[in-house]
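J.: Here it is, the structure, as structure tokens.
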Amino acid sequence: MRNASVGIKADGETVRFSLNKQCDGNRLPMEEKKGTKRVKMSKKAKRNELRFYRLKAKKKINSPSPEVRIRYKLEKAKRKEAWLIEKLTKFELPKAPAEAYDPEILTDEERHYLKRTGEKKKNYVQVGRRGVFGGVVLNMHLHWKKHETVKVVCKPCEPGKIHEYAEVLAQLSKGIVIDINPSNTIIFYRGKNYVQPEVISPPDTLSKDKIKLTELPSYNN
């Protein structure tokens with residue numbers, strides 16, 4: 001009666017008392033203990049159980065039916081996958097930093113599209129024997145007012161000079177080289193975020209008249 005509790009039930013005019021047994025916090029009732037009790041297996045029983053599973057797996061591997069063999073291999077692969085996933089969850093891998101988005105980076109599809117459209121359009125800028133001067137870059141910006149691309153034609157052009165012109169013009173105009181054709185034609189793209197500069201002709205380049213003056217022969221008296 002030490003661990004018992006008294007309960008009162010009122011049914012109309014009658015009052016009934018009842019005694020309920022309580023258990024300690026550390027002790028469980030016998031029924032619950034029976035349900036949660038684990039039976040320890042002996043070493044011999046564990047060995048016999050493993051032997052049984054090995055024989056069962058061996059029968060499936062050596063089965064004459066290909067369907068049974070394939071099913072066993074699939075089950076084994078799924079168990080291995082689940083085990084590896086559970087093992088990987090224990091390791092916390094550092095997250096890779098997000099790549100900085102550059103709107104001027106062009107995909108292969110965009111380059112192909114710009115190349116095709118640039119070849120079809122008729123707008124172009126001529127680079128003659130005097131090379132690159134301020135007027136060439138100025139004309140490129142004027143074309144970029146209405147067109148995304150512009151062709152720069154170099155005729156006549158020395159062998160291998162076209163790549164040097166493409167590098168210089170890309171640096172002066174801030175454009176993107178899309179393609180260099182064997183016919184000495186460069187296709188330039190203005191860029192996705194193109195804004196026409198206030199000074200269209202670069203101040204570091206010579207004008208056409210100044211280039212002519214530099215080409216005049218000098219006579220010594």
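The values are calculated or read from the model by the stated rules, or taken from the named source; none is laboratory data. Note that this is a predicted model, so its numbers are computed, not measured. Glycine also receives a Cβ, built like all others from the backbone with ideal geometry; neighbour counts cover every protein chain displayed.
J.: Quick one: would you say Ile105 is within 30 Å of Asn181 (Cβ to Cβ) and modelled with pLDDT under 90? Please lay out each step first, then the result.
T.: Values: within 30 Å of Asn181 (Cβ to Cβ): yes; modelled with pLDDT under 90: yes.
Considered against the rule, which asks whether it is within 30 Å of Asn181 (Cβ to Cβ) and modelled with pLDDT under 90, Ile105 comes out as yes.
J.: Has the range 134-141 got any residue that is under 36 Å from the mean Cα position of the chain (by Cα) and either more than 26 Å from Asp108 (Cβ to Cβ) or at pLDDT 90 or above (or both)?
T.: Looking through the range 134-141, at least one residue is under 36 Å from the mean Cα position of the chain (by Cα) and either more than 26 Å from Asp108 (Cβ to Cβ) or at pLDDT 90 or above (or both).
J.: Quick one: in the range 138-165, which of the residues that are assigned to a strand (DSSP E or B) and in contact with a helix residue (DSSP H, G or I) (Cβ under 8 Å, 6 or more places away or on another chain) is surrounded by the most Cβ atoms within 10 Å (Cβ to Cβ)?
T.: Looking at the filtered set, the residue picked out is Val152.
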